[in-house]
Amino acid sequence: MIGKRTLLFAASVLFFISHMAYASSGASFLKLGVGARASGLGSAYTAVANDVTSLYWNPSGLSRMKRKELSAMHTQLFSDTRYDFVGYAHPTGRGTFGFGAAYLTQGAIEGRSEDRSQASDFIASDLALTAGFGKSVTSRMSLGGNVKMIQSRISEFSATGFALDLGGIWKASSKARVGLSLLNLGTKMNFADEAYDLPLTLSGGAAYHFFDTMLVSADLKHHPYDSRTSFGIGTEFSLISMFSLRAGYLASSARSAAAQGSAAKTEDLSKMAGLGFGMGLKIRPGIAIDYSFTPAGDLGNYQTISLSMKFGK
């Protein structure tokens, strides 16, 4: 039998490797983001969102879609940890509906009982199921919202929470957009008699197209429960219609881990920040592959690949 202390320790390890678990909120995998394009842009996607990954960044971006889209993503994180996403968007005359699932698993973890003797291995994982809708309310303004269910599991123990996302994008001109989103507004998650807030995120961003070949975007995100603010900036060059190069930088600041009552070391706070790169290739009309490479300090590097297919009218 796996002891409660062991479960809590394993939970804290999983939260850390799933993107900055030094924070005081739970379900930290929700901060990872989805989509290789967004990752290659330094996670500066609040005003850029125009595909099925809008479900994560800003649900109002769903309204910008004209065709049905099916997308899948795989990220290889640290050690045996992997993060996957699959999503589908369906435009209609009334707006665009979107559905997505994100799944994080660390693989098998060596079990220890409360007296530290070896126990059977167990699995730790996180899951988020999302349903969203985006609609253009005027020629310049789009609004959207999501509902989602979040579940974290360690061995036979689990915690479940529910959340809302809200977002808007304003088209300032033919080349400029401004976006706002409020993410992960929801219930606490109770895990082994411990309650965790979901990682509430307030995000604002802007994007500007220079000519027809260059996009520049910037995002400012604040996580009030974690006392952390991050800034991301990215650029995309479409050298030819079928190929794009991307670069992005993500900077993060936070109150010290000790002040937050976290076991993580203060120097770990910046490990997920830095300069990243990406590229996109349109294999054929409607089918695209995107790739991103993101450094993570002493934890190594992680790579993301996405495949998307657009179809229908």
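The values are calculated or read from the model by the stated rules, or taken from the named source; none is laboratory data. Just so it is clear, the model here is predicted, and its values are computed rather than measured. As a convention, Cβ positions derive from the backbone with ideal geometry for all residues, glycine included, and neighbour counts pool all protein chains shown.
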| said: Can you find a residue that is among the basic types (Lys, Arg), within 19 Å of the chain's Cα centre (by Cα) and either modelled with pLDDT of 95 or more or on the phi < 0 side of the Ramachandran plot (or both) anywhere in region 5-15? | reply: no
| request: Within region 29-43, track down each residue that is under 11 Å from the mean Cα position of the chain (by Cα) and either part of a loop (DSSP other than H, G, I, E, B) or acidic (Asp, Glu) (or both). | output: 32, 33, 34, 35, 43
| request: May I ask you to say which residue of 203, 173, 217 is under 24 Å from residue 63 (Cβ atoms), small (Gly, Ala, Ser) and surrounded by fewer than 16 Cβ atoms within 10 Å (Cβ to Cβ)? | output: 173
| said: Taking the condition of being closer than 13 Å to residue 148 by Cβ, hydroxyl-bearing (Ser, Thr, Tyr) and in a strand (DSSP E or B), how many residues in region 177-191 meet it? | reply: 0
| modelled with pLDDT of 85 or more and in contact with a Pro (Cβ under 7 Å, 6 or more places away or on another chain) - does that describe any residue in region 218-228? | yes
| query | Given (1) in a strand (DSSP E or B); (2) of a type outside the set (A, V, I, L, M); (3) closer than 21 Å to residue 141 by Cβ; (4) more than 17 Å from the chain's Cα centre (by Cα), where does residue 174 come up short, assuming only one miss? | reply | (1)
| field | Count of region 77-86 residues which are surrounded by 15 or more Cβ atoms within 10 Å (Cβ to Cβ), touching a residue at least 40 places away in the same chain (Cβ under 8 Å) and out of contact with any Leu (no Cβ under 6 Å at 6 or more places or on another chain) | value | 3
| message | residue 139 - would you say it is outside any strand (DSSP E or B), of a type outside the set (A, V, I, L, M) and out of contact with any Pro (no Cβ under 7 Å at 6 or more places or on another chain)? | response | yes
